[in-house]
Amino acid sequence: MAVNSLRPLKPAAFDYWKAQHLLNRAGFGGTPDQVQALASMGLNDAVDYIVNYESIAEEPVPVERWDASIIRPPTDEERERARTARRNNDEATLEQIQRERNRRTAADRRQMAEIQKWWIRRMIETGRPLEEKMTLFWHGHFATSYRTIEDSWHCLLQNQLFRSHATGSFAKLCFGIIRDPAMLEYLDNDENRRRSPNENLARELMELFILGEGNDYTEQDIREGARALTGYSFEDDRFVFNAREHDDGPKRILGKTGTFNGDDFVRIVLSRPVASEFLAWKLYRYFVNDRPGMPDEATRGFILKLAKEVRDRDYELKPVLRTLFRSEHFYDRDNVGSLIKSPVQLVVQAIRTMRTPARDLSALAAACDLMGQNLFFPPNVKGWDGGRAWINTSTMFVRQNIVVYLLTGRRPNAYAWQEDGATFDPMHLVSHLDSADGGPPAVTDTVTYLVRFLLAGPPRPERVEEMVAFVERNGGRVDRNVAIAL
């Protein structure tokens, strides 16, 4: 049975392998040198280094790199031109207007692809892995798809909203999300007016974002929440509160009565204890263990303790994550190697851990899409299911092929001479290993280490035997063929 304690791990127990577990879960893995550096810090300093990432220099989001005005409202002159053309049945002008609209749409889709590649590269190169890992978490939690909103700039603004609140206040992030143009458009709150309330945003705030499906709310609470959110809209790239469309009458939400607005609605929903439990459960599945089904008694107990920590910290996540990453339960053997990597985690961690070339970012994005995780295109408002949903007969082939591509530069169904030319040297993975007499380590020791390092868990003896035989057939050399075989 897993240890379900929030108590800190004993400092002496924080060794090389626990440091690697921390790097894998709180970020996207790291090289042996990085693991060793983290292990030498000790538990508390290692966790603080990862969680207090603001002290690490990072390139700002290069907003100047992209065009904010590709998708924009028409000017007064453009509106009048279109009205006049429709009134006069001016097909030539209407066709010209449509061609310009199509041109902008195509340009915006290209820009979205560039933003997607930029984020993948940022995750690969960042010195603040927890910041990007939490940005990815919020992207799946407050899922918003470019396919619906078709505005790359709004997607970028939302991405930066997640980054700016990555380990900050969940409450402040919720207040931000009801002002976010991408979310307001995605869930139609720009059409939420006092005479015809739209329930989409209110429903998902309760059902998917804060309380969890069926937890502690009624359909009437959703309807009243929708009234509270009337008038929350946007113009071009900025939030606007349209007082004329806001219903300022009395409302009753979760047992409280008042002339509530959207902020009041969020505040009331966050005050329910189940809100902290739902967030703790989501964080648990993301960082600790994503086993399917309902949590067992020990896991449930841990999640409730973590939820109390969330409430005690008033939804400030940095101290909550610090407590989680120091806890005995986080490092329990039942939780090591228990997560199925998301496609993005798989790709980014492979590059950061093995130090392979990043190859072609477009190919990496396409592979993530084939494996089921297309950044900025979550399948629906629930986001990605994660866990075992990542694995099926189709995605298993892609998962293997993308790692082979990173190691060799060779795409599936390509010839050796079609590799991209960038080479991968695996020797840094084992260069720190020494035998007892100071010479090169035995093949069995090297293989045992590599299997554990790359697969995140003590290896099965039969797996080691298979790989030792492979290395010996390879002339006793540890090269990229060994990494591929692993």
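Say a paramagnetic label sat at a point 7 Å from the Cα of residue 218, along Cα to Cβ; which residues of the stretch 250-277 have their backbone N under 16 Å from it? 251-258, by backbone N distance to the label point.
Would you kindly state how much longer the chain becomes between residue 334 and residue 469 on full extension, computed as 0.36 nm times their sequence separation minus their alpha carbon distance, in nm to one decimal?
Contour length minus the Cα-Cα distance gives 45.6 nm.
Here the label points at residue 300 and residue 83, each 7 Å from Cα along the C-beta direction, are separated by 6.3 nm in the simple model. Remark: the stretch 238-390 carries 43 Å² of accessible area per residue (probe radius 1.4 Å; ligands, DNA and RNA excluded). Label sites at residue 114 and residue 44, each approximated as a point 7 angstrom past Cα along Cα to Cβ, lie 4.8 nm apart.
Based on Cα contacts under 8 Å between residues 6+ apart, the chain shows a relative contact order of 18 percent. Between residue 360 and residue 428, the modelled labels are 2.5 nm apart [label points 7 Å from Cα along Cα→Cβ].
Summed over the residues of the stretch 90-158 and divided among them, the accessible surface reaches 40 Å² per residue at a probe radius of 1.4 Å.
For the stretch 1-46, the solvent-accessible area works out to 44 Å² per residue, with a probe of 1.4 Å and every protein chain left in place.
Relative contact order (percent) for the stretch 261-349, with alpha-carbon contacts under 8 angstrom and 6 or more residues of separation? Worked out over the stretch 261-349, it gives 31 percent.
Determine the sum of side-chain charges near residue 241: Lys and Arg each +1, Asp and Glu each -1, restricted to other residues whose C-beta is under 14 angstrom from that of residue 241. That sum, taken over residues with Cβ under 14 Å, equals -3. Relative contact order of the stretch 1-76, taken over Cα pairs closer than 8 Å and 6 or more residues apart, is 25 percent. Is the stretch 96-148 rounded, prolate or oblate when judged by the Cα gyration tensor, a ≥ b ≥ c being the square roots of its eigenvalues, rounded requiring a/c under 1.5 and prolate requiring a/b larger than b/c? Cα axes put the stretch 96-148 in the oblate bin. Oblate is the label for the chain. Its Cα gyration tensor axes, ordered a ≥ b ≥ c, give a/c of at least 1.5 and b/c at or above a/b. Taking each DSSP H run with n ≥ 4 as -39500 (n - 2.57) and averaging over every residue of the chain yields -16000 deg cm²/dmol at 222 nm.
Keeping the other protein chains in place, figure out the carbon and sulfur percent of the accessible area of the chain, with a 1.4 Å probe. That share works out to 49 percent. Loop-located GluC sites (Glu not before Pro) in the stretch 6-93 (DSSP state other than H, G, I, E, B) with a sparse environment of at most 15 neighbouring Cβ atoms within 10 Å: 58.
The values are calculated or read from the model by the stated rules, or taken from the named source; none is laboratory data. The shown structure was predicted, so the numbers you read here are calculated from the model rather than taken from an experiment. Heads up, the Cβs are rebuilt from the backbone with ideal geometry, glycines too, and the neighbour counts pull from every protein chain shown. These accessible areas exclude ligands, DNA and RNA; they are computed on the full protein's heavy atoms, side chains included. Shrake-Rupley method; radii C 1.70, N 1.55, O 1.52, S 1.80 Å.
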